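Have a look at the structure below, then the notes.
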Amino acid sequence: MKQLAHKLGSGELTIEEIPLPLCDRGMVIIQNHYSVISPGTEGATIRTSRSSLLQKARQKPDEAKEVLGLCWRQGPFQAYRAVVKRLDAYSPLGYSSAGQILAVGADVSEFKVGDFVAAAGVGYANHAEVISVPINLCVKLPADARLDLAAYNTLGAIALQGVRQAEAKLGETCVVIGLGLIGQLTCLMLKASGVRTFGVDVDRFAVDVAAKWSCDAAWLRSDYQVADQIELFTDGQGADAVIITAATSSTDPINFAGRIARKKARVVVVGSVPTGFERDPYWYRKELELRMSCSYGPGRYDPDYEQKGHDYPVAYVRWSERRNMAAFQQLLYSSRINISHLTTHEFPLEEAPRAYDLISKNQEPHLGVLLSYKPKTPPDARQVRVCPPSLREARVRLAFIGAGSYAQGYLLPNLPKDREVIRKAVLSHRGAESKRVAEKYRFELCLSDRDEVFRYADINTLFIATRHDSHAEYVLSGLMARKNVFVEKPLAITQEQLNRIVDVYASFQSDRTAPLLMVGYNRRFSTLATALKTEFGDGPMSMLYRVNAGRIPAQSWIHDQFIGGGRIVGEVCHFVDLLMFLCGSLPSRVHATALSEARSLQDTVNIQLTFENGSIGTIAYYTNGAKDVPKEYIEVHCAGATAFIRDFAALDIWRPAAHIRRRLWWQDKGQKAMLNSFLSAIKNGQPCPIPFEQLQRTSATTFAAKESLVSGDSVQVR
């Protein structure tokens with residue numbers, strides 16, 4: 001299938017052939033008939049991407065600071081990789097479309113194949129022949145609905161939420177500042193609800209369209225007496241409400257709203273404008289009320305609502321984002337509003353770059369720009385060939401399942417360029433991402449069928465870099481297909497999942513050709529950790545591992561116990577593994593305590609470990625520290641000697657009358673050595689670099705730590 005792809009680094013737009021999207025639980029697969037280009041949002045994205053790196057940094061200073069921080073903490077190479085990954089990626093465009101359902105997820109009951117729907121969402125309702133969208137970002141349409149108008153779904157919901165926030169009543173007056181697409185839709189809805197509606201914009205074409213179709217009157221902002229005209233039309237009182245739908249870095253819209261609003265009026269910000277208004281004379285003296293309108297409405301940015309499909313009770317949240325979409329579609333279908341005049345241009349998908357040139361260069365007056373698709377039966381495009389197939393024999397023929405930030409930042413760049421390693425296939429949730437990764441790292445295929453990866457006889461090694469909840473199932477499927485498996489941590493997020501893996505792996509114990517299983521515990525392979533291990537050897541030791549982990553928002557999938565497993569299971573496992581490696585023994589007991597204010601997230605904890613050889617260790621995993629403090633500090637005491645590792649860039653070892661010091665030019669956490677070790681074991685028929693017993697005990701230790709937090713007692717590791 002075809003999808004419009006955009007590179008943030010160069011602004012280049014291409015039509016890419018990519019695999020069909022996956023039909024996961026809670027999702028529907030839609031064949032687009034129309035999608036709408038948002039001239040404001042998407043036009044700004046294109047203009048930004050076509051600017052220089054210096055201009056990009058000035059436009060997004062917070063992201064520039066993050067890059068500088070990454071450079072300081074992890075070195076220039078890692079910072080460079082992070083920047084290049086983002087700038088070279090095929091970034092999808094579009095967030096509003098309409099079409100027909102081709103398939104539904106296993107748990108979806110409210111939609112069926114053949115239904116016509118309107119869809120919304122950045123990253124979902126893309127400019128592509130076929131898209132995958134969560135159910136709460138779709139609304140069902142009548143069979144005879146006009147799909148070209150229904151495709152304005154997202155923009156209509158955004159406008160409707162702004163109108164709701166304004167609470168403009170029948171007979172009141174409302175001024176809309178900014179008459180782009182969302183402003184025009186806002187005016188139409190206000191007028192349909194009996195509100196006297198006035199519009200203001202800097203563009204003559206937009207003003208003329210609004211004056212003809214949706215406003216009682218509209219003016220250019222540059223008109224000398226525009227404020228006086230509004231005062232005249234409102235009998236000297238000023239507007240009851242002002243809705244700002246403009247997008248600008250200027251403070252003029254917010255201050256102008258204060259000028260034209262009546263005393264105690266409501267000012268609603270829908271567009272992207274600064275809110276640093278001048279306090280006097282208008283905002284303070286009129287006691288104006290400033291309200292923000294959040295995109296499509298309640299549910300936006302809530303993963304439980306958008307991604308998991310959990311709806312809000314209508315008695316408590318009357319207008320969620322999905323209900324706003326449905327209300328907008330009803331306004332269209334019933335002809336209470338007519339938006340036909342808003343479509344000024346229509347292009348087939350293949351000519352999408354020309355459409356964006358028209359918008360970004362403002363080549364001619366425009367409002368709504370549609371992309372149209374040919375509604376035909378899509379091909380069964382579960383794989384797309386990227387590079388010619390390799391004809392040579394190789395002992396490692398690998399595929400990646402998942403190709404997100406970690407895979408692109410740490411795994412893929414460190415894969416050895418070895419004739420004994422053939423890169424066969426990439427499968428990612430987003431087809432465009434699969435395609436770009438396959439191109440950049442020279443994989444033969446990009447796929448969209450998970451089962452095909454396990455059936456593919458020419459693949460003998462799988463790298464799993466997906467979200468944590470899928471790790472165990474992929475590991476089990478890979479092992480049962482007799483493929484070597486490397487899984488990014490954790491191995492499992494529940495004890496039941498771990499038990500199933502233990503049972504399957506145990507069935508291979510007497511088989512010399514059994515596949516290898518490896519978890520991405522890279523720190524034990526780092527230069528400084530291996531040097532410390534060489535100096536101290538095995539034996540009873542006391543260890544402290546302090547991690548300045550940094551805060552992750554509570555809404556993040558990592559905290560979700562059913563997706564990420566929480567930070568103890570998903571991240572602390574790394575540090576358990578390293579302490580186990582350093583002391584050469586398995587953990588036997590755990591006692592954990594959490595900071596009281598962070599108890600619900602379990603992300604600021606002390607974890608006391610006792611090992612079978614008598615060693616003891618403390619993992620101090622904190623999220624309430626200063627960002628500028630290095631992330632990881634390790635202290636080890638053994639037989640009269642002491643060692644410090646600082647952020648895997650500096651090692652100091654003190655022995656009686658001796659001091660060993662090692663410094664690296666940049667941080668080395670062992671990713672490259674880990675991958676080389678794993679692939680070498682496959683090529684040479686050697687055991688896995690990390691014994692399975694240690695992999696199992698690491699996960700079991702994190703589960704015991706969580707149990708200890710609940711019980712308050714020391715827990716035996718099973």
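What follows draws every value from the coordinates through simple rules; no lab data is involved. Everything quoted here is computed from the prediction, not taken from an experiment. Backbone-built Cβ (ideal geometry, glycine too); neighbour counts: all protein chains shown.
Does the chain come out rounded, prolate or oblate, given a ≥ b ≥ c as the square roots of the eigenvalues of its C-alpha gyration tensor, rounded meaning a/c under 1.5 and, failing that, prolate meaning a/b above b/c?
Since a/c reaches 1.5 and a/b is larger than b/c, the shape of the chain is classed as prolate.
Using 0.36 nm per residue, how much length does the chain from residue 637 to residue 204 gain when fully extended, once their Cα-Cα distance is taken away?
Taking 0.36 nm per residue and subtracting the Cα distance, the gain is 148.4 nm.
Residue 397's amide H: which non-local residues (gap 5+, or another chain) put their own amide H closer than 5 Å, with H modeled 1.01 Å from N in plane and none for Pro or chain starts?
422, 460, 461
Using θ = phi - 60° and the Karplus relation 6.51 cos²θ - 1.76 cosθ + 1.60, list the HN-Hα couplings for the stretch 318-325 in order, rounded to whole Hz, with x at every Gly or Pro.
With coefficients 6.51, -1.76 and 1.60, one gets 5, 10, 7, 5, 5, 5, 5, 4 Hz.
What pairs in 191/374; 308/631; 417/706; 483/669 have C-alpha atoms more than 29 Å from each other?
191/374; 308/631; 417/706
Could you check the spin-label model distance between residue 122 and residue 146? Points 7 Å from the Cα along Cα→Cβ, value in nm.
With each label placed 7 Å out from Cα toward Cβ, I get 3.0 nm.
Name the shape class, rounded, prolate or oblate, that the alpha-carbon gyration tensor gives for the stretch 219-362, where a ≥ b ≥ c are the square roots of its eigenvalues, rounded holds for a/c under 1.5, and otherwise prolate holds if a/b is larger than b/c and oblate otherwise.
Here the stretch 219-362 falls in the oblate category.
Please turn the phi angles of the stretch 297-311 into ³J(HN,Hα) values with the Karplus equation 6.51 cos²θ - 1.76 cosθ + 1.60 (θ = phi - 60°), one per residue in order, whole Hz, x for glycine and proline.
Karplus-based 3J(HN,Hα) across the stretch 297-311 equals x, x, x, 5, 6, 9, x, 4, 7, 6, 8, 9, x, 7, 8 Hz.
Any chance you could check the Cα centroid distance between the stretch 421-452 and the stretch 588-667 for me, in angstrom?
Between the Cα centre of the stretch 421-452 and that of the stretch 588-667, the gap is 38 Å.
Give me the number: length gained by fully extending residue 552 to residue 344, i.e. 0.36 nm times residue separation minus the C-alpha to C-alpha distance, one decimal in nm.
Residue separation times 0.36 nm, minus the Cα-Cα distance, leaves 70.5 nm.
Starting from the Cα of residue 544, move 7 Å in the Cα-to-Cβ direction to define the label point; list residues of the stretch 631-672 whose amide nitrogen is under 18 Å from there.
Correct set: 631-648, 650-655.
Let me know the charge dipole size of the stretch 155-292 about its Cα centre in debye, to the nearest 20, where only the beta-carbon of Lys, Arg (+1) and Asp, Glu (-1) is charged.
340 debye
My understanding is that a pair violates if its Cα-Cα distance is over 19 Å; which of 169/264; 440/489; 435/489 do that in this structure?
Cα-Cα > 19 Å for 440/489; 435/489; rest within.
Which one, 586, 532, 615, projects farthest toward the positive side of the charge dipole computed for the stretch 523-716 from Cβ point charges (K/R +1, D/E -1)?
Sorting the options by dipole projection puts first 532.
Could I have the simple spin-label model distance between residue 232 and residue 599, label points 7 Å from Cα toward Cβ, reported in nm to one decimal?
Taking the two extended label points, one gets 6.7 nm.
Considering the options 638, 370, 190, tell which one lies farthest towards the positive end of the dipole of the chain, charges being +1 on Lys and Arg and -1 on Asp and Glu at the Cβ, about the Cα centre.
Highest projection toward the positive end goes to 638.
Positive end of the charge dipole of the stretch 155-292 (Lys, Arg +1 and Asp, Glu -1 on Cβ, about the Cα centre): tell me which of 226, 161, 256 has its Cα farthest that way.
161
Long-range amide H contacts for residue 176: which residues qualify at under 5 Å (H placed 1.01 Å from N, peptide plane, sequence gap of 5 or more or a different chain)?
Counting only residues 5 or more places away or on other chains, the set is 198, 199, 200, 243.
Going by a ≥ b ≥ c, the root eigenvalues of the Cα gyration tensor, does the stretch 155-292 fall in the rounded group (a/c under 1.5), the prolate group (a/b larger than b/c) or the oblate group?
Rounded shape, in that the Cα axes give a/c under 1.5.
Pull up all non-local amide H partners of residue 612: gap of 5 or more, or a different chain, and H-to-H distance under 5 Å with H placed in the peptide plane.
The answer is 586, 588.
In deg cm²/dmol, rounded to 500, what helix-only [θ] at 222 nm does the chain give when every DSSP H run of at least 4 residues adds -39500 (n - 2.57) and the total is split over its residues?
Theoretical 222 nm ellipticity from helices: -9000 deg cm²/dmol.
Output ³J(HN,Hα) for the stretch 401-407: one whole-Hz value per residue in order, computed from phi by the Karplus curve 6.51 cos²θ - 1.76 cosθ + 1.60 with θ = phi - 60°, and x for Gly and Pro.
10, x, 9, x, 4, 5, 4
Taking the Cα centre of the chain as origin, sum charge times position over the Cβ atoms of Lys and Arg (+1) and Asp and Glu (-1), and report the length of that vector in debye to the nearest 20.
Its charge dipole is roughly 1380 debye.
Can you give the angle from 0 to 90° between the axis of helix 431-441 and the longest principal axis of the chain, with both taken from C-alpha atoms, to the nearest 10?
Approximately 50 degrees, to the nearest 10.
Might you report the magnitude of the Cβ-based charge dipole of the stretch 370-505 about its Cα centre, with Lys and Arg at +1 and Asp and Glu at -1, to the nearest 20 debye?
It comes to approximately 540 debye.
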